[in-house]
1. For Val81, which sequence-distant residues (separation of 5 or more, or a different chain) have an amide H within less than 5 Å of its own amide H, given hydrogens modelled in the peptide plane?
2. Which entries in the list Lys27/Lys112; Lys27/Lys116; Lys27/Lys131 go over 24 Å, if you measure between the two C-alpha atoms of each?
3. What is the extension gain from Glu129 to Phe19, computed as 0.36 nm multiplied by their sequence separation minus the C-alpha to C-alpha distance, in nm to one decimal?
4. Per residue, how much accessible area does the stretch 1-127 show when a 1.4 Å probe rolls over the protein heavy atoms, in square angstrom?
5. Work out from phi, with θ = phi - 60° and the Karplus expression 6.51 cos²θ - 1.76 cosθ + 1.60, the ³J(HN,Hα) of each residue of the stretch 4-10, listed in order in whole Hz, and give x for Gly and Pro.
6. Can you work out the FRET efficiency for the pair Leu151 and Arg7, with r the C-beta to C-beta distance and R0 = 35 Å, to the nearest 0.05?
7. Quick one: which residues, 5+ away or cross-chain, put their amide H under 5 Å from the amide H of Lys116? H built at 1.01 Å from N.
8. Using mean Cβ contacts within 10 Å as the protection proxy, how do 129-141, 9-21 order, highest first?
Amino acid sequence: PVAVGDRVQIILNQEGTAFISEIEDRKNYIIRRSSNLSKQSHILAANLDQCMLVAPVNSPETSTIFIDRFLASAEAYRVPVRLVFNKVDAYDEDELRYLDALYTQIGYPCFKVSAKNGNGVDEIKKALEGKITLFSGHSGVGKSTLINAILPGIETKTGEISTYHNKGMHTTTFSEMFPVDGD
């Protein structure tokens, strides 16, 4: 099936609509395994220059196992990853030191941001210039809030974290591509 980021050939109809006649070869892609036991997977996005994995340490917690599995999958499909540790305004000193040490030591660029108050957002904007980038991460980590901070006119829907489960409530349920000013 067609994925966000695919380059396609189209055939125009007389009515002014079009249909996809061909999907061009992909240079890379990111997949996600199905959450059920079917062992199915689907392509999240294709033809990426980079991926930004949004992963707060808490609220909701993102385990290093999840991060490591994502990094291994991205490496397998030749997609460079940058880690975005969001919600840093809610971290204590130990959590901040943990972020500094863990992934930067093995060569992954890491950003510490607070999408809600704008800290670090300019660094993310600069890293997006001229690149097709996938934002990925668990529900509730702040992907939509970060996109809204980067592209104020977009206004993607955001939601609250479940106080019962301390997890996001799947506010965004589909993939979408947005142009970033200045390429």
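The values are calculated or read from the model by the stated rules, or taken from the named source; none is laboratory data. All values reported here derive from a predicted model rather than from experimental measurement. As a convention, Cβ positions derive from the backbone with ideal geometry for all residues, glycine included, and neighbour counts pool all protein chains shown. Only protein heavy atoms, including side chains, enter the accessible area calculation; ligands, DNA and RNA are left aside. Shrake-Rupley method; radii C 1.70, N 1.55, O 1.52, S 1.80 Å.
1. Cys51
2. From the list (Lys27/Lys112; Lys27/Lys116; Lys27/Lys131), the Cα-Cα distance tops 24 Å for Lys27/Lys112; Lys27/Lys116.
3. Going from the current span to full extension adds 36.6 nm.
4. Per residue, the stretch 1-127 has an accessible area of 61 Å².
5. My calculation for the stretch 4-10 gives 4, x, 5, 9, 10, 9, 10 Hz in order.
6. The pair Leu151/Arg7 has a calculated efficiency of 0.95.
7. Lys87
8. The peptides rank, most packed first, as 129-141, 9-21.
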